[in-house]
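Worksheet: one structure, shown below.
The values are calculated or read from the model by the stated rules, or taken from the named source; none is laboratory data. Everything quoted here is computed from the prediction, not taken from an experiment. When we count neighbours, we look across all protein chains shown, and the Cβ atoms used for this are built from the backbone with ideal geometry, even at glycine. Just the protein is used for accessible areas: all its heavy atoms, side chains included, with ligands, DNA and RNA removed. Shrake-Rupley method; radii C 1.70, N 1.55, O 1.52, S 1.80 Å.
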Amino acid sequence: MAGRDGDYRQEAADDSDMDDLDPEIRLSAKDKGKGRANPRVQKLKAQPKEVYSWEESYTRSWDAVQEDEDGSLQNAVGEFLARTRRKRLQVPAEAIRRTIVRHLVLVIDLSASMTDRDMRPNRFDLTLEYAREFVAEWFDQNPLGQIGIVGMKEGIAERVCALSGNPPDVLKTLANRRDLEPSGEPSLQNALDMARGGMSHLPSHSSRETIIIFGSLTTCDPGNIHDTLKQCVEDKIRISVVALAAEMKICRDFCTETGGIFGVAMNEGHFRDMLFDHIPPPAVRNAQNAGAPANGNGAPTNTATGDLMMMGFPTRLPDTSAPTLCVCHGIMKSEGYLCPRCLSKVCDIPTDCPVCDLVIVSAPHLARSYHHLFPVKPYDAVRSLDPNEDASLTCNGCGTAFPLTGHAPLSSAGAADGVSRYGRYRCPECKKDFCSECDVFVHDILHCCPSCNT
């Protein structure tokens with residue numbers, strides 16, 4: 001009985017709280033009933049509904065697709081593809097000081113967490129696929145660079161591939177799936193110490209970069225990982241992290257302190273975009289000029305000067321030449337390249353001569369590295385056609401005929417992304433029009449305007 005009396009008194013106390021309500025929503029006995037709406041509920045419904053932080057980025061993308069007059073979705077799909085291209089091409093075109101001789105260590109998480117299937121087919125297989133594509137594209141855009149690969153598994157770091165400028169050698173190590181089978185826990189500290197040790201001998205004119213593909217939420221480290229962070233900052237190693245699970249504070253700290261980029265992949269496509277964003281050379285950090293003298297306003301002056309770097313153009317040996325011993329692998333072979341300084345034979349270029357440490361490159365490699373320093377200016381989308389203007393009827397690149405009339409009016413997103421409803425994109429220098437396909441080809445592959453150079 002005592003318990004039940006206590007419950008009764010508690011219920012009475014709860015009913016007394018109704019006196020504290022707003023007089024506008026207080027109900028009388030005759031107003032109560034199933035057929036009458038509760039004013040309290042109506043007032044709560046009138047208030048703006050708050051959403052969680054993870055719901056703010058949710059959009060009903062299918063509502064943005066609109067059919068044309070004929071009921072076709074071709075124009076909507078074409079606009080979506082054009083927006084995707086223009087987003088990638090709308091980058092600053094001004095000359096930025098960059099490092100064309102790059103040294104990159106790709107750290108891959110090979111722990112048991114990479115077997116999760118939140119990304120198809122699983123994190124491990126998808127990472128290997130994207131890593132192979134990344135290496136091939138990275139060497140194509142940075143022919144003077146070198147890539148090394150480090151794996152994290154069983155609480156230790158394994159050197160999968162040493163720094164190499166030969167793409168087939170790097171791709172061969174990524175193709176051996178059996179040796180990269182994920183297991184155990186990762187160790188960020190061991191992996192960064194191994195990457196830092198492999199880049200400690202590099203000259204000052206080259207960049208030192210590390211990209212970590214991290215899929216775990218834990219790290220098994222033998223010591224204080226913050227000491228490793230300080231050493232990476234002192235050695236000017238730029239660390240970037242592509243997380244597949246969630247954000248970790250230590251990963252964010254590494255990217256913030258070293259000037260890298262941190263991001264969490266939301267899906268497979270986002271994962272690939274984040275990884276491929278590291279292909280262009282990063283801009284030289286202003287922190288390297290911290291010791292420069294200050295000007296009259298107290299700010300440090302930009303007295304950075306370009307460092308001269310000695311390179312050599314080798315002599316290529318044909319397949320019909322007499323077999324000799326190469327200094328890089330110790331193998332007797334006919335083809336190869338002779339160092340112009342010490343006449344030592346190497347198998348592939350670009351590379352550093354193992355005997356005299358001269359950077360051996362070819363003229364095409366050197367020319368292909370300069371397009372990052374002087375990029376092509378983004379083409380302007382043609383918003384309207386002037387009847388008095390003598391505009392070309394075909395693309396100046398491929399000769400494809402432009403539509404005589406524009407497509408349906410663009411959406412607000414398409415107009416903001418710089419999409420032309422006429423399919424014309426005009427060079428700001430030569431004022432020639434190109435189609436969207438040639439626009440992508442010029443900025444991604446050719447790296448020079450064909451009309452400006454003719």
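Taking every protein chain into account, the accessible area of region 132-214 amounts to 39 square angstrom per residue (probe 1.4 Å). For region 102-276, the dipole from Cβ point charges (+1 on Lys and Arg, -1 on Asp and Glu) about the Cα centre works out to 220 debye, to the nearest 20. Taking label points 7 Å from Cα along the Cα-to-Cβ direction, D319 and H226 give a separation of 6.0 nm.
With Cα atoms as the point set, region 314-360 shows a radius of gyration and Dmax of 9.5, 28 Å.
Find the centroid of the Cα atoms in region 90-158 and in region 364-380, then give the distance between the two in whole Å. So the separation of the two Cα centres works out to 23 Å.
So for the pair L308, S334, with labels modelled 7 Å out along Cα→Cβ, what separation do we get in nm? Label-label distance for L308 and S334, simple model: 4.1 nm. Shown here are the Rg and Dmax of the Cα trace of region 175-236, at 13.6, 38 Å. Along its first, second and third principal axes, ordered by size, region 102-276 spans 42, 36, 27 Å in Cα coordinates.
Considering only alpha-carbon pairs that sit under 8 angstrom and 6 or more positions apart, the relative contact order computed for region 168-229 is 51 percent. Each Lys and Arg contributes +1 and each Asp and Glu -1, all at the Cβ; summed about the Cα centre of region 192-260, the dipole is approximately 140 debye.
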